[in-house]
There are 2 protein chains.
Amino acid sequence: MADRKHRVVIVGGGFGGLLAAKSLGSANCEVVLIDRRNHHLFQPLLYQVATAALSPSEVAWPIRHLLRYHRNVRVIMATVTGVDTANHAVLLEDGSSENYDSLILATGAHHAYFGHDEWEAFAPGLKTVEDATAIRRKLLLAFEAVERETDPKRRQALLTFALIGGGPTGVEMAGAIVELGRASLRGQFQTIDPREMRVVLIEGGNKILGNFDEDLSGYALQSLRKMGVEVELGRPVTAVDADGVTFGDQRLEAKTIIWGAGVAASPVAKWLDIEGDKAGRIKVEPDLSVPGHRDIFVIGDAASILQENGKPVPGIAPAAKQQGRYVANLIRHRLGGNPPPPPFRYKHAGDLATIGKRSAIIDFGWIKLRGALAWWVWGLAHIYFLVETRTRIFITISWLWIYLSGNRSSRLITHGMAPHPKPLDEVDKG
Amino acid sequence: MADRKHRVVIVGGGFGGLLAAKSLGSANCEVVLIDRRNHHLFQPLLYQVATAALSPSEVAWPIRHLLRYHRNVRVIMATVTGVDTANHAVLLEDGSSENYDSLILATGAHHAYFGHDEWEAFAPGLKTVEDATAIRRKLLLAFEAVERETDPKRRQALLTFALIGGGPTGVEMAGAIVELGRASLRGQFQTIDPREMRVVLIEGGNKILGNFDEDLSGYALQSLRKMGVEVELGRPVTAVDADGVTFGDQRLEAKTIIWGAGVAASPVAKWLDIEGDKAGRIKVEPDLSVPGHRDIFVIGDAASILQENGKPVPGIAPAAKQQGRYVANLIRHRLGGNPPPPPFRYKHAGDLATIGKRSAIIDFGWIKLRGALAWWVWGLAHIYFLVETRTRIFITISWLWIYLSGNRSSRLITHGMAPHPKPLDEVDKG
């Protein structure tokens, strides 16, 4: 067994898992990356697929393509059902298993409905490519339905778009829906008056984009309102159904409702038979290992760990990437017989959020930006962080095209035909 | 009623319907175009979506976007269920109807299984965007499954791709699958030897691409075989099931089977209560009107009409476009009180078919081309015929990228996860 190589299994091909695999790509070990999908998803731009600005293949790439030059990495498309810690094996849905010496769990999070799972059917969230095309279909079908609807009340409900949650998803979607509506309505529908459209952003707390300071958050609020978005603060949602949403004591009739309020970690805690925090995350050790399991690491949205300032490490792409790189490095140290590296330390690069065409807010700590300049920086930063050259070219052209013409090119309704499209839950559970 | 405008209803936003709408776009009449989808589809390139070279939004555009400058054209997304000829009304699924003075039926065709509809579940055809992404998923999942399969017989069945029908769809798909396989296999799967892959094209007749002369058809056959495609001629398919296909007395174990053999017209004949030909098409008058109904026209794949040389007008895009333009012109003549134009006369511009990277055949009548030059002409011709400038840019870049790097960018598996993806028929009926 002397020549058997150390075997690292990574579950999840998101930002954390992909970085861990890349960082171990030339190490003296075997790496197996398991994901139930064949693609890595650039989630920060997923809302642009949902609002018809980009097409799915511009924000998602086959994982095995991204890792093609890392010869010691094997990619497997499979669904994990559990971890057998006693036998050091990851269990797969087809009954087979993958043995590990080190295990990195980077399974991310999905949207959560605060104990109201029945809301999901009416207010889909935005985590996967299928989520995005389903929301795109919902948005576009609403306009198609209005064009043929004569009842004023039903018209208004079809033209009312409710976003639940004032975080980045809600804010970015609100801005993009206003633009989609304006672009679509401009001369393309005969019965719709643009002023009929309502976009309502509902946030239970007292500010939107809570991770920004008052100044920038207030600017974002003002920008949204100037665009025509109705922002409702301070009243949490108490009911969601097929016809609308109730927040506080107010009822809003809306046929299109989108969920951006809560997330919960994937079932890592259950797999490890450990109690997670209230969002299902595993509280990890300073070296990101699981308490009692020095060979199992949890990174990204599935992990819970505090920064030096006492705040939790945020559930954003840069944090997951830093953690993936850290664990890969730690494993390299162990393989080399070196002393362990110092504990994981999160470096916060900054916060960015875009609000609509030509408006964004940025807090890099040392500098704060808002407005048009911030919007250009936001765009350039995202193009920079894209994984592939080809995608950079395509997204740059797509954005320039939209910027200059206002025309969103990916307005395809798929898996749904008028006037009786199947309910989302019949066609979108893949 | 003197100022009521003549009302033209067009059913179907394919090549024929779209051209008719555009040609009536400035006429002194009201035009209503009804389609159950929101997009026009550039079908000649749909096989490239199925083989991961292009993304859906590169070959499909919202119909109302394409007609946005034609102010007298109204676009409705709705499903037609019949025609009430006595009352001059098109009946819609939601119970409403649209009145017409002139009616243009351009509903196209769908794939047909020669009385074996049960084959569809195992051998999907390629007519819609959803068909294309379903086939793409099937192809890509086959490679993912092989990577984890150890049984040699099951591996071979997974790596065997059967195309039924030696027309353009079968030939183009065969070539593209070989390239997809080669690109995907190059360094991205650890257990697959490229030589394991088999692509088998099954044609019941004695030649492929039957519309070309012996010379070009023979060249195409030779090219395909040189690429590694096994072409089986002269034995029609007698059975298709989940594990393979039988043609003549030969059985081929293949997990991926694609249907490109037959088409049947949409239910226009039933709507009009007229007997169609054996493919369901309506035999139209020399002016493309329906016998006994001078105000109803059938164009494109749903119509049957002979050329002057006694051959039928082929079911291809240029024929549908010429017919759409002809009927629009005829209606303009009638509106102006002018004598009717001469009967419809189809002008055959030529036949083009691409076989694989750097190989195509072209017959313009006055010149015949084959090989690399034909392939470049094929590409330029298709870019020229694309509807939108933006798409021209994107497809040009996509093609150049694939040409130079061999990497197909749209290798996304959506609506399906390993290892137990849902059967196609559960997720793809939209």
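The values are calculated or read from the model by the stated rules, or taken from the named source; none is laboratory data. Nothing here was measured: the structure is a model prediction, and the numbers come from that model. No Cβ is skipped: glycine too gets one built from the backbone with ideal geometry, and neighbour counts run over all protein chains shown. Surface accessibility is based on the protein's heavy atoms, side chains included, excluding ligands, DNA and RNA. Shrake-Rupley method; radii C 1.70, N 1.55, O 1.52, S 1.80 Å.
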(request) Count, for each residue of B:133-142, the Cβ atoms from other chains sitting within 10 Å of its Cβ, then give me the mean as a whole number. (result) 1
(request) Rounded to whole Å, how close does chain A get to the rotation axis onto B by Cβ? Give me the residue too, please? (result) A:SER55, 2
(request) Provide A:HIS40, A:HIS88 ordered by accessible surface of protein heavy atoms (probe 1.4 Å), highest first. (result) A:HIS88, A:HIS40
(request) For chain B, calculate the relative contact order in percent as a whole number, restricting contacts to Cα pairs under 8 Å that are 6 or more residues apart. (result) 19 percent
(message) Counting only other chains, and only Cβ atoms inside 10 Å, what mean value do you get across the residues of B:89-101?
(response) 1
(request) Take every residue in peptide B:51-62, count the Cβ atoms of other chains within 10 Å of its Cβ, and give the average of those counts. (result) 5
(request) Once you've got the GNM for chain A with C-alpha springs shorter than 10 Å, pick whichever of A:THR396, A:THR256, A:THR128 has the biggest mean-square fluctuation. (result) A:THR396
(request) Kindly give the distances from B:GLY371 to its copy-mates, label point to label point, with each label point 7 Å from Cα along Cα→Cβ, as nm values to one decimal ordered shortest first. (result) 6.3
(message) Just to confirm my numbers, what's the Cα centroid distance between the stretch A:331-405 and the stretch A:114-131 in Å?
(response) 26 Å
(request) Would you mind working out the magnitude of the charge dipole of chain A relative to its Cα centre, with +1 at each Lys and Arg C-beta and -1 at each Asp and Glu C-beta, to the nearest 20 Debye? (result) 1380 debye
(message) Distances in nm, one decimal, shortest first, from B:THR238 to the same residue in every other copy, taking the label point 7 angstrom along Cα→Cβ.
(response) 7.1
(request) State the Cα centre-to-centre distance between the stretch A:18-44 and the stretch A:204-234 in whole Å. (result) 37 Å
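With n ≥ 4 as the cut-off for DSSP H runs, can you work out [θ] at 222 nm for chain B, using -39500 (n - 2.57) per run divided by the number of residues, rounded to the nearest 500?
Here the helix-only value at 222 nm equals -9500 deg cm²/dmol.
Which of the residue pairs A:LYS321/A:LYS357; B:LYS22/B:LYS138; A:LYS270/A:LYS321; A:LYS153/B:LYS127 have a Cα-Cα distance greater than 30 Å in the structure shown?
In this structure, B:LYS22/B:LYS138; A:LYS153/B:LYS127 exceed 30 Å between Cα atoms.
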(message) Placing the label point 7 Å from Cα along the Cα-to-Cβ direction, what are the distances from A:ASN87 to the equivalent spots in the other copies, shortest first, in nm to one decimal?
(response) 6.9
(request) Springs between alpha-carbon atoms under 10 Å, Gaussian network over chain A: tell me which of A:ALA183, A:ALA239, A:ALA50 tops the mean-square fluctuations. (result) A:ALA239
(message) Taking just the alpha-carbon atoms of chain A, what radius of gyration and Dmax come out, in angstrom?
(response) 22.4, 77
(message) Taking 35 Å as R0, compute the FRET efficiency from the Cβ-Cβ separation of B:LYS5 and A:LEU404 and round it to 0.05.
(response) 0.45
(message) With a cut-off of 8 Å between alpha carbons and a minimum separation of six or more residues, what is the relative contact order of the stretch A:289-373 in percent?
(response) 17 percent
(request) For the protein assembly as shown, count all C-alpha to C-alpha pairs, find those more than 54 Å apart, and express that count as a whole percent of the total. (result) 15 percent
(message) Please compute, for the alpha-carbon atoms of the stretch A:1-120, the extent along each of the three principal axes and give them in descending order in Å.
(response) 54, 36, 21
(request) Could you work out the relative contact order of the stretch B:1-51, using alpha carbon pairs under 8 angstrom and six or more residues apart, expressed as a whole percent? (result) 40 percent
(request) Only Lys, Arg, Asp and Glu count, each charged at its Cβ (+1, +1, -1, -1), so figure out the dipole size of the stretch A:319-394 about its Cα centre, rounded to 20 debye. (result) 80 debye
(message) Please give the charge dipole size of the stretch B:86-238, origin at the Cα centre, charges +1 on K and R Cβ atoms and -1 on D and E Cβ atoms. Round to the nearest 20 debye.
(response) 940 debye
(message) Can you tell me the length gained on complete extension of the stretch B:GLN250 to B:ASN206, counting 0.36 nm per residue apart and subtracting the Cα distance?
(response) 14.2 nm
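Once the Cβ-Cβ distance between B:ASP151 and B:ASP117 is put in as r, and R0 is 35 Å, what FRET efficiency do you end up with, to the nearest 0.05? Spell out each step's value before the answer.
Working: r = 31 Å, r/R0 = 0.90.
Here the calculated transfer efficiency is 0.65.
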(request) Could you rank B:SER304, B:SER97 by how accessible they are, 1.4 Å probe, largest area first? (result) B:SER97, B:SER304
(message) What distance in nm lies between label points placed 7 Å from Cα along the C-beta direction at A:THR238 and B:ASP273?
(response) 5.8 nm
(request) Using only alpha carbons, build the gyration tensor for the stretch B:87-197 and give me the equivalent ellipsoid semi-axes, biggest first, whole Å. (result) 41, 14, 14
(message) With angles folded into 0 to 90 degrees, how steeply does helix B:129-148 sit against the dominant principal axis of chain B? Use alpha carbons for both and round to 10.
(response) 10 degrees
